[in-house]
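Below is one structure, written out as structure tokens; comments come after it.
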Amino acid sequence: MNDEDAVADATAGRRDPALRVMLLPRDTNGAGTIFGGVILSQLDLAGAVAARKHAPTKRFVTVAMREVVFVQPVFVGDLVSFYATTVRVGRTSITVKVEVEAERAHSPGPPVRVTEAEVVYVAVDEEGRKVAIEA
């Protein structure tokens, strides 16, 4: 086994989050759980991180977020991870799937799935007109 094989073996099957955050009391709603909008904002940021990897010099805007269903609440102190996977790269757009999991602050155990969504980003110029990703 050479050094390159060792690196490949060490990372095989590992998912690295695009973003990890610990949510705070300022992020809560009246029920004491984290606002869905806070999660959506972070989900959008995580997807943008993945889009930027494909075209670091391009400016992207969000044009669609497909079917977001919250299946578990998020609580203050939970460590929330956003895993981003590129689904499609088109001429002017990139579609990214973002999966969201929470590690509970007050009841350790495996992470729980919170939500997921596909987010579509379009590359734009300074005037907001679509531009090709690969120029």
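For the stretch 90-101, name all the residues that are under 13 Å from the mean Cα position of the chain (by Cα) and without any contact (Cβ under 8 Å) to a residue 60 or more places away in the chain.
Matches in the stretch 90-101: 95, 96, 97, 99, 101.
Assuming residue 82 fulfils every condition listed in (1) touching a residue at least 60 places away in the same chain (Cβ under 8 Å); (2) farther than 11 Å from residue 115 by Cα apart from one, which condition is it?
Checking residue 82 against (1) touching a residue at least 60 places away in the same chain (Cβ under 8 Å); (2) farther than 11 Å from residue 115 by Cα, the one that fails is (2).
Can you confirm whether residue 129 is loosely packed, with under 12 Cβ neighbours inside 10 Å and touching a Ser or Thr at 6+ places or on another chain (Cβ under 9 Å)?
Judged against the criteria, residue 129 is not a match.
Just checking, which of 127, 134 is outside any helix (DSSP H, G or I), of a type in the set (Asp, Glu), without any contact (Cβ under 8 Å) to a residue 12 or more places away in the chain and more than 30 Å from residue 29 (Cβ to Cβ)?
When all the criteria are applied, what remains is 127.
Computed from the coordinates by the stated procedures, all read-outs in this text should not be read as laboratory data. Keep in mind that this is a model prediction, so the values were computed, not measured. Every residue, glycine as well, gets a Cβ built from its backbone with ideal geometry; the counts of neighbours run over all protein chains shown.
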